[in-house]
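Presented below is the structure to which this report refers.
The values are calculated or read from the model by the stated rules, or taken from the named source; none is laboratory data. For clarity, every value in this text was computed on a predicted model and none was experimentally measured. Quick reminder, even Gly has a Cβ in these numbers, built from the backbone with ideal geometry, and neighbours come from all protein chains shown. Only protein heavy atoms, including side chains, enter the accessible area calculation; ligands, DNA and RNA are left aside. Shrake-Rupley method; radii C 1.70, N 1.55, O 1.52, S 1.80 Å.
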There are 2 protein chains.
Amino acid sequence: MNKFEEKTITTESIYSGKVVHLQIDEVLLPNGKKSKREIVKHPGAVGVVAITEEQKILLVRQFRKALEKTILEIPAGKLEPGEDPATCAIRELEEETGYCAMHVRPIASFYTSPGFADELLYVYQAEQLTLGQQHTDDDEFVEVVSLTLDECFASIQKGEICDAKTVLAIYHWQLLK
Amino acid sequence: MNKFEEKTITTESIYSGKVVHLQIDEVLLPNGKKSKREIVKHPGAVGVVAITEEQKILLVRQFRKALEKTILEIPAGKLEPGEDPATCAIRELEEETGYCAMHVRPIASFYTSPGFADELLYVYQAEQLTLGQQHTDDDEFVEVVSLTLDECFASIQKGEICDAKTVLAIYHWQLLK
């Protein structure tokens with residue numbers, strides 16, 4: 001056993017929703033004491049870095065209820081059960097922006113919030129883009145925006161680009177230049 | 001009203017814990033239909049980029065129950081009620097690593113998972129480090145590790161560095177070089 005490991009004593013399921021599942025684990029700590037861990041289970045998600053021929057990144061403007069504000073993000077969405085992340089990336093890019101990618105290439109993956117959630121986010125770079133038709137989900141309202149790298153930094157300053165995957169995508173894009 | 005805004009019809013509180021609060025909001029969508037949003041409320045957190053004189057970044061190795069594995073992260077912790085993020089950054093760095101920073105400088109802040117959580121994470125760069133004494137919380141078991149930039153990229157490849165704030169901190173460090 002790993003010297004830091006916390007052994008599960010009991011797991012209490014609190015809520016199972018469409019997006020998240022909340023459970024409370026009672027754990028045995030490395031020092032023999034007990035503690036509780038609040039854990040949000042999430043199916044995982046993808047984000048897509050799609051750069052147009054004009055050297056602009058495709059972003060979507062959407063309202064995020066958890067934040068009570070409208071923000072700019074790279075196209076993204078959660079994994080369907082059993083879905084391959086690369087397939088999900090191509091699907092979400094097309095649904096949200098209308099752009100179809102011939103290929104996607106993995107550029108990063110990370111846990112968004114390891115202190116309380118198991119959400120793993122895969123970021124892909126989209127390649128060989130062609131423009132088709134946007135077709136979002138019934139409860140999804142998004143506007144497509146394309147920005148230059150300088151415009152992205154201005155949006156970060158203004159706070160309109162403000163989420164982990166999008167900030168990381170822009171850092172990644174800058175490192176490639 | 002913003003054209004994307006989702007108006008709250010009802011809010012149902014599901015669970016209030018030590019770290020997270022879960023609520024379900026019934027919302028009115030821009031098209032007049034109703035939907036539900038699962039929202040995890042979190043007090044917010046800080047992460048600290050601390051580079052030693054030897055040009056190594058300070059990381060902590062710790063077990064994350066949500067992931068069921070031990071990972072390497074920049075020193076971090078959640079905000080106490082009403083706590084200034086910069087104060088929190090200095091406190092968490094000292095508690096987890098024993099290093100005291102004379103100053104911290106904000107370098108980024110982002111929402112970790114805007115699709116379901118309101119957690120805002122502030123990342124600070126620590127300046128003028130002096131070594132004191134590590135003193136973690138009762139239920140916290142961490143080991144301090146310092147890595148060069150190349151070693152960080154190797155750890156990302158191995159999957160031991162795998163969370164948003166730490167990957168972003170390393171991209172940021174690389175951009176500064």
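Per the listing B:Asp84, B:Asp138, B:Asp150, the residue uniquely surrounded by fewer than 22 Cβ atoms within 10 Å (Cβ to Cβ), free of Cβ contacts under 8 Å to residues at least 60 places away in the same chain and within 24 Å of B:Lys65 (Cα to Cα) is B:Asp138. If you go through segment A:120-133 one residue at a time, do you hit one that is within 13 Å of chain B (Cβ to nearest Cβ), more than 14 Å from the chain's Cα centre (by Cα) and open to solvent by 50 Å² or more (accessible area, probe 1.4 Å)? No, segment A:120-133 contains no residue that is within 13 Å of chain B (Cβ to nearest Cβ), more than 14 Å from the chain's Cα centre (by Cα) and open to solvent by 50 Å² or more (accessible area, probe 1.4 Å).
Have a look at B:Tyr99, B:Tyr111, B:Tyr122 and point out the one that is in contact (Cβ under 8 Å) with a residue 60 or more places away in the chain and of a type outside the set (D, E, K, R).
B:Tyr122
Quick one: A:Ala66 ticks every box in (1) touching a strand residue (DSSP E or B) at 6+ places or on another chain (Cβ under 9 Å); (2) assigned by TED's automatic domain parsing to the domain that holds A:Asp163; (3) in contact (Cβ under 8 Å) with a residue 24 or more places away in the chain bar one, so which box is it? So A:Ala66 meets the others, but not (3).
Determine, yes or no, whether A:Asp25 is within 13 Å of another protein chain (Cβ to nearest Cβ) and not aliphatic (A, V, I, L, M). Here the answer is yes, as A:Asp25 does meet what is asked. Would you confirm, using the coordinates I've provided, whether A:Leu79 is under 18 Å from the mean Cα position of the chain (by Cα), open to solvent by less than 10 Å² (accessible area, probe 1.4 Å) and in the same structural domain as A:Tyr171 (by TED's automatic domain parsing)? Here the answer is no, as A:Leu79 does not meet what is asked. Of all the criteria given as (1) at pLDDT 95 or above; (2) open to solvent by 60 Å² or more (accessible area, probe 1.4 Å), the one not satisfied by A:Ala164 is (2).
Picking from residues in segment A:28-40 that are open to solvent by 50 Å² or more (accessible area, probe 1.4 Å) and in contact with a strand residue (DSSP E or B) (Cβ under 9 Å, 6 or more places away or on another chain), the one that is nearest to the other protein chains (Cβ to nearest Cβ) is A:Pro30.
Residue under question is A:Ile90, and the condition is that it be modelled with pLDDT of 95 or more, in contact with a Cys (Cβ under 8 Å, 6 or more places away or on another chain), away from chain B (no Cβ under 14 Å) and surrounded by fewer than 23 Cβ atoms within 10 Å (Cβ to Cβ); does it hold? Answer is yes for this residue. Out of the residues in segment B:41-55 meeting the condition of being within 11 Å of chain A (Cβ to nearest Cβ) and not in a loop (DSSP other than H, G, I, E, B), tell me which one is farthest from B:Ala126 (Cα to Cα). This residue is B:Lys41.
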